[in-house]
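Colleague: My questions will all concern the structure given below.
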Amino acid sequence: MVRMSAEERRESVVRAASAEFARGGYHGTSTEAIAKRVGVSQPYLFRLFPGKKAIFLAAAERCAADTIRMFTEASEGLEGEEALRAMASAYTRTIAERPELLMMQMQMYLAVAAAEQEGDHEFGATVRADWLRLWDVVHLALGADVHETTDFMAHGMLINCLAAMGFPAGHRVWEGLDLSARLKGTPER
């Protein structure tokens with residue numbers, strides 16, 4: 001059996017943590033569950049990361065990076081309406097195929113609100129910085145039009161909420177969205 005390097009093990013922790021946090025949120029996920037999913041002890045987990053918060057922030061940064069990469073790749077060589085449709089299609093396909101990405105995003109926003117209520121602003125600073133990078137990628141792809149960017153991001157949040165609540169693709173709540181933005185891969189009811 002080949003041993004994993006510390007970096008490979010760290011990567012496996014981030015993947016496992018993303019899945020666990022997506023399901024249970026920051027407060028509802030134990031480091032024990034993450035360690036168990038990876039197949040390591042908790043003490044080993046804490047050799048890789050100084051604590052649960054660092055694990056969550058690494059998972060949040062990975063989620064943002066994956067979303068930014070997906071939008072960047074989808075809009076490469078495109079602009080305006082073509083870029084918008086390509087990014088919308090890539091996003092809806094991605095969250096249908098990898099719902100944990102969507103749920104991790106939602107958990108990130110909740111974690112920020114909860115942490116800031118407790119006076120901890122590190123979550124917010126990290127998540128907002130990542131979200132601004134996402135905004136900038138979309139903004140450039142849409143020709144630096146602030147109204148188009150705002151509309152795209154607002155529609156994305158609506159899609160996030162509808163998908164997170166489990167509304168199937170054929171439900172009437174999706175009717176006002178462009179076909180390319182409707183969630184694909186969910187059963188019609």
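The values are calculated or read from the model by the stated rules, or taken from the named source; none is laboratory data. Because the structure is a prediction, the values reported are computed rather than measured. In this analysis, Cβ positions are derived from the backbone assuming ideal geometry, glycine residues included, and neighbour counts consider all displayed protein chains. Keep in mind that these areas ignore ligands, DNA and RNA; they rest on the heavy atoms of the full protein, side chains included. Shrake-Rupley method; radii C 1.70, N 1.55, O 1.52, S 1.80 Å.
Colleague: Given the residues 68, 55, which is the only one that is out of contact with any Ser or Thr (no Cβ under 8 Å at 6 or more places or on another chain), closer than 28 Å to residue 9 by Cβ and not small (Gly, Ala, Ser)?
Modeller: Of the residues listed, the single one that is out of contact with any Ser or Thr (no Cβ under 8 Å at 6 or more places or on another chain), closer than 28 Å to residue 9 by Cβ and not small (Gly, Ala, Ser) is 68.
Colleague: A follow-up question, please. I'm told residue 15 meets every condition in (1) open to solvent by less than 60 Å² (accessible area, probe 1.4 Å); (2) under 18 Å from residue 61 (Cβ atoms) except one. Can you identify the failing condition by its number?
Modeller: Evaluating residue 15 over (1) open to solvent by less than 60 Å² (accessible area, probe 1.4 Å); (2) under 18 Å from residue 61 (Cβ atoms) leaves (1) as the failure.
Colleague: Given (1) among the aromatic types (Phe, Trp, Tyr); (2) in contact with a Gly (Cβ under 7 Å, 6 or more places away or on another chain); (3) not in a helix (DSSP H, G or I), identify the lone condition not met by residue 91.
Modeller: Residue 91 satisfies all of (1) among the aromatic types (Phe, Trp, Tyr); (2) in contact with a Gly (Cβ under 7 Å, 6 or more places away or on another chain); (3) not in a helix (DSSP H, G or I) except (3).
Colleague: If you don't mind, there's one more thing I want to ask. Just to be sure before I move on: is residue 22 of a type in the set (A, V, I, L, M, F, W, C), under 24 Å from residue 129 (Cα atoms) and modelled with pLDDT under 95 in the structure I sent?
Modeller: So residue 22 fails the test.
Colleague: What about residue 149, is it closer than 23 Å to residue 96 by Cα, hydroxyl-bearing (Ser, Thr, Tyr) and outside any loop (DSSP other than H, G, I, E, B)?
Modeller: For residue 149, the condition - closer than 23 Å to residue 96 by Cα, hydroxyl-bearing (Ser, Thr, Tyr) and outside any loop (DSSP other than H, G, I, E, B) - is met.
Colleague: Further question: Can you pull out every residue in segment 135-189 that is among the β-branched types (Val, Ile, Thr) and modelled with pLDDT of 85 or more?
Modeller: Matches in segment 135-189: 137, 138, 146, 149, 150, 159, 173.
Colleague: Here is a follow-up. If a residue must be open to solvent by less than 30 Å² (accessible area, probe 1.4 Å) and among the acidic types (Asp, Glu), how many such residues does segment 101-150 contain?
Modeller: The qualifying residues number 1.
Colleague: Another question about this same structure. Residues that are buried (at least 16 other Cβ atoms within 10 Å of the Cβ), out of contact with any His (no Cβ under 6 Å at 6 or more places or on another chain), within 24 Å of residue 165 (Cα to Cα) and hydroxyl-bearing (Ser, Thr, Tyr): does segment 93-100 have at least one?
Modeller: Within segment 93-100, one or more residues are buried (at least 16 other Cβ atoms within 10 Å of the Cβ), out of contact with any His (no Cβ under 6 Å at 6 or more places or on another chain), within 24 Å of residue 165 (Cα to Cα) and hydroxyl-bearing (Ser, Thr, Tyr).
Colleague: Could you please find all residues in segment 60-111 being in contact (Cβ under 8 Å) with a residue 24 or more places away in the chain, charged (D, E, K, R) and under 26 Å from residue 125 (Cβ atoms)?
Modeller: 61, 62, 66, 100
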